[in-house]
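Worksheet: one structure, shown below.
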């Protein structure tokens with residue numbers, strides 16, 4: 001009987017995974033069916049990642065698919081960006097899309113699953129999820145080259161024959177640091193990147209080719225030898241501007 005009582009003091013987890021920091025220490029008094037758990041065992045591989053999206057955004061995507069603006073891909077591409085900014089090597093899959101919309105936030109929840117053998121993704125983290133639904137014909141316009149009015153209108157200045165032309169852009173969302181523009185600017189046109197606050201539609205400009213890094217640093221490109229020099233010209237006068245070709 002004493003051995004049976006001793007055996008019953010050993011508690012095993014029903015799943016193989018990792019326990020959290022225990023809420024009790026060795027020697028503490030515990031009882032059967034107590035309300036406070038001794039610890040929490042969490043399965044980390046695979047791991048679930050829950051994301052939220054507005055019902056409005058989901059409706060807009062469905063409309064794009066129905067009208068042919070967005071060509072649905074053969075499969076859903078799901079990637080994860082860790083809190084460090086690093087792109088996670090594993091690719092996720094959809095487990096269960098929710099059919100309920102929150103009455104307070106107007107969002108619906110999606111549950112994704114990722115393989116996590118190295119335990120790079122942990123509960124409580126806030127990673128970023130990128131989902132590739134399909135393809136669309138568009139131009140990536142750097143967000144730093146655009147302005148948004150109080151009514152939400154998105155505009156950009158395009159350098160055409162030495163003159164700044166203001167264009168109204170139609171955006172279908174964003175990708176990294178760029179707007180996905182389907183109307184308003186053509187591939188290869190020069191966008192004014194510098195001195196936007198001093199420029200108006202019809203102003204004369206002298207453009208300088210530049211490139212933009214992932215961290216939004218504008219760098220002048222020398223056309224003679226292809227070399228780059230750091231720093232775009234800030235606060236340019238109305239007749240100056242830095243320009244980048246639309247991609």
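The values are calculated or read from the model by the stated rules, or taken from the named source; none is laboratory data. Source: prediction; values computed, not measured. For neighbour counting, all protein chains shown are included, and Cβ atoms are generated from backbone atoms with ideal geometry for every residue, glycine included.
So the values come out like this:
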{"quantity": "Conditions (1) in a strand (DSSP E or B); (2) at pLDDT below 85; (3) surrounded by 17 or more Cβ atoms within 10 Å (Cβ to Cβ): number failed by residue 141", "calculated": "(2)"}
{"quantity": "Residue within the stretch 235-245 that is at pLDDT 75 or above, assigned to a strand (DSSP E or B), over 23 Å from the mean Cα position of the chain (by Cα) and surrounded by 13 or more Cβ atoms within 10 Å (Cβ to Cβ) present", "calculated": "no"}
{"quantity": "Among (1) in contact (Cβ under 8 Å) with a residue 60 or more places away in the chain; (2) in contact with a helix residue (DSSP H, G or I) (Cβ under 9 Å, 6 or more places away or on another chain); (3) farther than 30 Å from residue 195 by Cβ - the single one residue 106 does not satisfy", "calculated": "(1)"}
{"quantity": "Any hit, the stretch 100-123, residues being at positive phi and at pLDDT 90 or above", "calculated": "yes"}
{"quantity": "Long-range neighbours under 7 Å by Cβ, at least six apart or interchain, first residue closer than 14 Å to residue 20 by Cα within the stretch 114-128, second modelled with pLDDT under 90 and not in a loop (DSSP other than H, G, I, E, B)", "calculated": "123/42"}
{"quantity": "Hey, residue 170 within 26 Å of residue 59 (Cβ to Cβ), surrounded by 13 or more Cβ atoms within 10 Å (Cβ to Cβ) and either outside the structural domain of residue 67 (by TED's automatic domain parsing) or at pLDDT below 85 (or both) or not", "calculated": "yes"}
{"quantity": "Some residue of the stretch 126-135 being modelled with pLDDT of 90 or more and out of contact with any strand residue (DSSP E or B) (no Cβ under 6 Å at 6 or more places or on another chain)", "calculated": "yes"}
{"quantity": "Residue that is modelled with the lowest pLDDT, among those in the stretch 58-93 that are over 29 Å from residue 116 (Cα atoms) and surrounded by 13 or more Cβ atoms within 10 Å (Cβ to Cβ)", "calculated": "69"}
{"quantity": "Residues being in contact with a strand residue (DSSP E or B) (Cβ under 7 Å, 6 or more places away or on another chain) and either part of a strand (DSSP E or B) or farther than 24 Å from residue 181 by Cβ (or both) - total across the stretch 41-79", "calculated": "20"}
{"quantity": "The lone exception for residue 208 - which of (1) surrounded by 14 or more Cβ atoms within 10 Å (Cβ to Cβ); (2) modelled with pLDDT under 85; (3) in a loop (DSSP other than H, G, I, E, B) it fails", "calculated": "(3)"}
